[in-house]
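Reviewing the structure listed below.
The values are calculated or read from the model by the stated rules, or taken from the named source; none is laboratory data. Only a predicted model underlies this, so the values are computations on that prediction, with no experimental measurement involved. Neighbour counts run over all protein chains shown; Cβ positions are idealised from the backbone, glycine included.
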Amino acid sequence: MEMTEIQADRADGKGWVQVTKTMRSEMTDPFPLPAPGVAQVWRYRAIFHDATGLIGKWSDVVQVTVAGA
C-alpha cells in the first residue's frame, strides 16, 4: 500500500467526494461543520492505492454525527 483514499458522503446531494489521499493513519476532515445547533450524519469510506491503482474493495462505511457549535 502506498496510500489510502478517504471519501465522505455528507448527505448534501454531492454523493461520495474525496476528502484526502494520505499515507498517515490519522486524518482530520477540513470540511466546515454545520450551522450552530444543526446536526448531520456524515459517512466515510476508504480504499488503498498502490502505484498500479486501487487495491481491493471499499471499506465498510463509518457514520459520524457532527454538530455545529
Query raised in the report: When the range 14-54 is examined, which residues are found to be out of contact with any strand residue (DSSP E or B) (no Cβ under 6 Å at 6 or more places or on another chain), more than 24 Å from ALA67 (Cα to Cα) and of a type in the set (Lys, Arg)?
Result: ARG24
**Report entry** Failed condition for GLN7, given (1) in contact with a strand residue (DSSP E or B) (Cβ under 7 Å, 6 or more places away or on another chain); (2) at pLDDT below 95
**Finding:** (2)
Report summary line: Taking first residues from the range 19-31 that are aliphatic (A, V, I, L, M) and second residues anywhere that are surrounded by 12 or more Cβ atoms within 10 Å (Cβ to Cβ), the pairs with Cβ under 6 Å that are 6 or more apart or on different chains are VAL19/ILE6; VAL19/ALA8; VAL19/ASP29; MET23/MET3; MET27/ILE6; MET27/THR20
Query raised in the report: Can you name every residue in the range 1-10 that is assigned to a loop (DSSP other than H, G, I, E, B) and either of a type in the set (A, V, I, L, M, F, W, C) or loosely packed, with under 10 Cβ neighbours inside 10 Å (or both)?
Result: MET1
